[in-house]
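Structure first, then comments.
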Amino acid sequence: MPEKPAILIVDDDPAVLASVARDLRPRYGADYRILRADSGQTALETTRELLLRGDAVALFLIDQRMPGMSGVEFLVEAIALYPDARRVLLTAYADTEAAIRAINEVQLNHYLMKPWHPPEEQLYPVIDDVLSDWRSSYFPAFEGIRLIGHRWSSAAFDMRYLLSRNLIPFQWMDIEHDPDARMLLEQAGASDSALPVLIFPDGSVLAQPNQQQVAEKVGLRTRAEMLFYDLIIVGGGPAGLAAAVYGASEGLRTVVIEREAPGGQAGTSSRIENYLGFPAGLSGADLARRGVAQAQRLGAEFLTGEVTSVRLDGNYRVVRLADGAEINCLALLVATGVQYRTLDVPGVERLTGAGVYYGGALSEAISTRGEDVYVAGGANSAGQAAMHFAMYARQVTLLVRGNDLGKSGMSQYLIDQIDQTENIHVCLNTNVVEALGDDHLTGLRLAHTDSTGEESVPAHALFIFIGAKPYTDWIKGVVAVDGQGFVLTGAEVASARSTPSPWPLKRQPFWLETSVPGIFVAGDVRHRSMKRIASATGEGAMAISFIHQYLGGL
C-alpha cells in the first residue's frame, strides 16, 4: 500500500504548528499525510528521508520567520529535492515584502498572513487551489527498490539480474543519464566509488552489496527452517519445481535449494510457446512464479543458496552450502540443469556484464532500445531471445555457426517467426572471434566460414547461447557421470566404465536413480535427457514416485 502524499508544515512556534495541523487534518487527512517539523533544519532532514523512501510531497506550508533558517531559505533547499511540490508561506504583516520577493526567488504559489481564521474562508480555499493544481500533474512515483549504477558495470548487472530473476520489482537508474540518480545518491550519502547502490522503500541503503546481503534484504530465505528433510531438491528449474509440487503434495518434508532464481534457464526465456496448456505462450518468469506459488501452497520450502558438496552418512544424505551450513535428508534429487558454455575468444571474459551477457538477460532489454544487438546461437533459447530483443533494438543479428537454422535445433515455429520479423537478420556460417571495447562492448569481429573472410561490426550488446554444460561439479565425486559431466541413472549405472563407488544393493537402480541409492536426478542434468521443459517437468514428477519406493524400503 503506497504512502499518501505528504503535506509538510514547518513552524518553530509549537502552538502555531499544532493549530495548523489541527485545521488541516480533518479536511485533508484522508488523502494526505500531515507531517510537522519545528525548524527548517528538521524539516530538511524529513524531506531528505521522504525522498530516499520515494514518497511524494504535495505541499510545503512554511513559516517565514524562524531562527537558524527562514522559510524562504528552507524552500531554496527543499525545491531542489521536490521541484514539483507546491509552496505556501505563512507570514506576519511585517513579512509581506519578503513573501512577495519569494514569489520570484522560489516560485512561491501563495502566502498566508497570520491569523487565517476562520479556516473555511482564509485557509481552505488557498490550500484547495494549490493541491488541485499539484494533483493535475502528479504521477505516483515508483514504489519499490531503486538501483543506481553505471550501465556498463558488471556488479550493477549482477544486481539487476538477481532482482529481475527473482521477480523483485525495482527501478534501474543509470547514474550517467538519469538526473534523479545523482540527487538520490547524494541524499543517500554515497559517492560514485560506492556504486552500485540500492535504496529500499524504507529508506535504507546498501552500497556495493554482495548477493547474499541483497537476498536477505529483499526477503529471500537463505537459511533452512529445519536441519532434516525427507527430500532436498537441488535446483529450482522446471524439473525441481515439478518435484517440489508432487513431493510436498504427497506429504514429504521438502526443501528446494536454488542458487540463482526459480525457473532455471527456462526462467530466462521471454516466451515459451510449445508448453502444453498455454496456447498463447507464457514467459519463463511467469512459469517459475506459478510453480513456486503452487509448491509453497502445498508446503514446500524454498531456499536461496549454493550447494557446494554432498556426503553420505548411513541412510542420510548431507548437503553443504556455500555459507558452511549443512542440511540432512533421506532422499536427494539433483535438478541443477545446465549452465551456458562460455565463449572463449579475446575480449569476452573482460566485457562480460558490460555489453556481453550469457543467456537472455531480460533485464537488459529496455537498455537496448534503438541499438544494434547480436545473439550468438542457433537453438530455441537464442531464437526466443532474438524475438524478444527485436521489440526494443534497432536491429538484432542472429549469429549461427551452422548453415541451417533447422539443423541447429531451433523449432520450426521460431524459424517462421524470425523470418517474418523485419529487424532480425540471420547470419549463417558465422563465429564471433573477438569482442571489442575498453570498458564496455563497442563492436565484434566476426569470421564467416563460407570463405567470405572476417569483418568488424559495431555492437552495443552480445547475448551468448552456444550450448550448455551440466552443473555437476559439486557432485561429480559422489555419483557416476558421463564424459561431459551429465549424471548417469538407472541401467546406465551398471554399464558405466567407472563410478566413485560400486552399487551396494541387490536391487537394480530405479530409472531416475544415480549410482548412489537415495540420490535421484531429473531434467537437463541427466544423461541423454530430452532438453525440453515438458520432459523436465515430467521427470521431476516421476522422480517422486521412485523416491517413495526408495523411502519405503528403508
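The values are calculated or read from the model by the stated rules, or taken from the named source; none is laboratory data. The shown structure was predicted, so the numbers you read here are calculated from the model rather than taken from an experiment. Don't worry about glycine lacking a Cβ; one is built from the backbone with ideal geometry, like all the others, and counts go over all protein chains shown. Just so you know, the surface numbers come from the protein's heavy atoms only, side chains and all, with ligands and any DNA or RNA stripped out. Shrake-Rupley method; radii C 1.70, N 1.55, O 1.52, S 1.80 Å.
Figures for the structure shown
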read-out	value
Residues located in region 400-430, provided they are open to solvent by 30 Å² or more (accessible area, probe 1.4 Å), touching a residue at least 40 places away in the same chain (Cβ under 8 Å) and either touching a helix residue (DSSP H, G or I) at 6+ places or on another chain (Cβ under 8 Å) or not hydroxyl-bearing (Ser, Thr, Tyr) (or both)	401, 403
In region 472-514, the residues that are without any contact (Cβ under 8 Å) to a residue 24 or more places away in the chain, assigned to a helix (DSSP H, G or I) and surrounded by fewer than 20 Cβ atoms within 10 Å (Cβ to Cβ)	491, 494, 495
Region 186-197 residues that are free of Cβ contacts under 8 Å to residues at least 24 places away in the same chain, paired with ones that are assigned to a loop (DSSP other than H, G, I, E, B) and open to solvent by 60 Å² or more (accessible area, probe 1.4 Å) (beta carbon under 7 Å, 6 or more apart)	194/208
Complete set of residues in region 522-554 that are among the charged types (D, E, K, R) and not in a helix (DSSP H, G or I)	524, 526, 528, 531, 532
Number of positions in region 427-469 that are of a type outside the set (A, V, I, L, M, F, W, C) and either on the phi > 0 side of the Ramachandran plot or in a strand (DSSP E or B) (or both)	16
Residues of region 80-117 satisfying the condition of being open to solvent by 60 Å² or more (accessible area, probe 1.4 Å), part of a helix (DSSP H, G or I) and under 19 Å from residue 20 (Cβ atoms)	93
Pairs with Cβ under 7 Å, 6+ apart, first in region 198-214 and in contact (Cβ under 8 Å) with a residue 24 or more places away in the chain, second open to solvent by 50 Å² or more (accessible area, probe 1.4 Å) and in a loop (DSSP other than H, G, I, E, B)	201/143
Residue satisfying condition, being among the aliphatic types (A, V, I, L, M), open to solvent by less than 10 Å² (accessible area, probe 1.4 Å) and touching an Asp or Glu at 6+ places or on another chain (Cβ under 7 Å), within set 244, 181, 156, 261	181
